[in-house]
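Here the structure is laid out as structure tokens; the discussion comes afterwards.
Coordinate-derived values only; no laboratory data. Worth saying up front: this structure is predicted, and the values here are computed from it rather than measured. Glycine gets a Cβ as well: all are built from the backbone with ideal geometry, and neighbour counts include every protein chain shown.
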Amino acid sequence: MARRRQLYEGKAKILFEGPEPGTLVQYFKDDATAGNGAKKGVITGKGVLNNRISEHLMLRLHEIGIPTHFVRRLNMREQLIREVEIIPLEVVVRNVSAGSLATRLGIPEGTRLPRSIIEYYYKNDSLNDPMVAEEHITAFGWAGTADMDDIVSLTLRVNDFLSGLFLGVGITLVDFKLEFGRLWENDDMRIVLADEISPDNCRLWDAKTSEKLDKDRFRRDLGRVEEAYQEVAKRLGILPEA
Ligand code: C5P
């Protein structure tokens, strides 16, 4: 790790300078936080599992034509990614009521929503990632209207595809968070999927028992956190290398 320049350290990942211009190395930590850092802990082996799970999902999405920042996995905890200009939004998709939607609007957790709902949160730790409307996003210039068209259509395609992929392995995709970035190639700009897709930023419930197989096990002190992440990897047909 010391051989590369560290560019950024987040709550669950570190970004290092990549081997070629325009690339970065994304390192997955075992650290876990909840409530914007209010609760801190370590989930042993989480980084290894999330690296593998996110690789798998990004590759499947690439196969159906979703552009992503993912290039290739380098080792147990690192992946090579394209450098993008991150759009400061957390794009949350909900299929079933849970978490902050259940709390805010009183829709009982577990209620299937009449249609998928997209919400936007402004990525800003000191403001606690407030929910914003598309009006705020375009008015303050965080993304333009054409960017938002791309973000919505990519988000809906990701949701359709991942809902089916997870259902195929007996898991309900309750909700999840995506991040997008701008990828510049010469003078062309494309919006691409960035960050990671893992049990850290998805709610994944066993389709039969509704058992939680995601970070809510950590957030709500339900125990067997690492086992839940392992179960997701196992069902997806990927397990970390020995
Ligand atoms: O907490 P809330 O119900 O709004 O979370 C919705 C979804 O977004 C969950 O799957 C959660 O894991 C994800 N999320 C995230 N990072 C955040 C906030 C939410 O990955 N900062």
To the nearest 500 deg cm²/dmol, what mean residue ellipticity at 222 nm is calculated for the chain from DSSP H runs of n ≥ 4 alone, each contributing -39,500 (n - 2.57), summed and divided by the residues? -8500 deg cm²/dmol
Can you list residues whose amide H is under 5 Å from residue 176's amide H, if they're 5+ apart or on another chain and H is modeled 1.01 Å from N? 93, 203
Whole-Å distance linking the alpha carbon centroid of the stretch 60-111 with that of the stretch 149-206 is 5
When N is the residue count of the stretch 85-223, what does its C-alpha Rg come to as a fraction of 2.2 N^0.38 Å? 1.10
Once Rh for the stretch 72-167 is found with the Kirkwood sum over Cα pairs, what is the Stokes-Einstein diffusion coefficient at 10 °C and 1.306 mPa s, in µm²/s? 102
The long-range amide H neighbours of residue 23, using H built 1.01 Å from N in the peptide plane and a cut-off of under 5 Å, are 18, 83
What is the order of 43, 118, fewest Cβ neighbours within 10 Å to most? 118, 43
With only Lys, Arg, Asp and Glu charged, each at its Cβ (+1 for the first two, -1 for the last two), find how big the charge dipole of the stretch 85-223 is about the Cα centre; round to the nearest 20 debye. 780
Just need log10 I(q)/I(0) for the stretch 6-82 at q = 0.28 Å⁻¹, Debye formula, equal scatterers on the alpha-carbon atoms, no solvent, rounded to two decimals. -1.25
Would you mind ranking 184, 142 so that the residue whose beta carbon has the fewest other beta carbons within 10 Å leads the list? 184, 142
If neighbour count is taken as other Cβ atoms inside 10 Å, put 111, 145 in order from fewest to most. 145, 111
Tail beyond 27 Å, pair distance distribution of the stretch 1-131 (Cα, percent): 30
GluC sites (Glu not before Pro) within the stretch 133-242, DSSP loop, no more than 16 other Cβ atoms inside 10 Å: 211, 241
Å³ per residue enclosed by the Cα convex hull of the stretch 157-216: 74
Long-range alpha-carbon pairs in the chain, meaning those over 34 Å apart, account in percent for 11
Can you tell me which of 108, 67, 199 moves the most in a GNM of the chain? Springs connect C-alpha atoms under 10 Å apart. 108
Compare the Cα positions of 183, 44, 70 along the charge dipole of the chain (+1 at Cβ of Lys, Arg; -1 at Cβ of Asp, Glu; about the Cα centre) and return the one farthest towards the positive end. 44
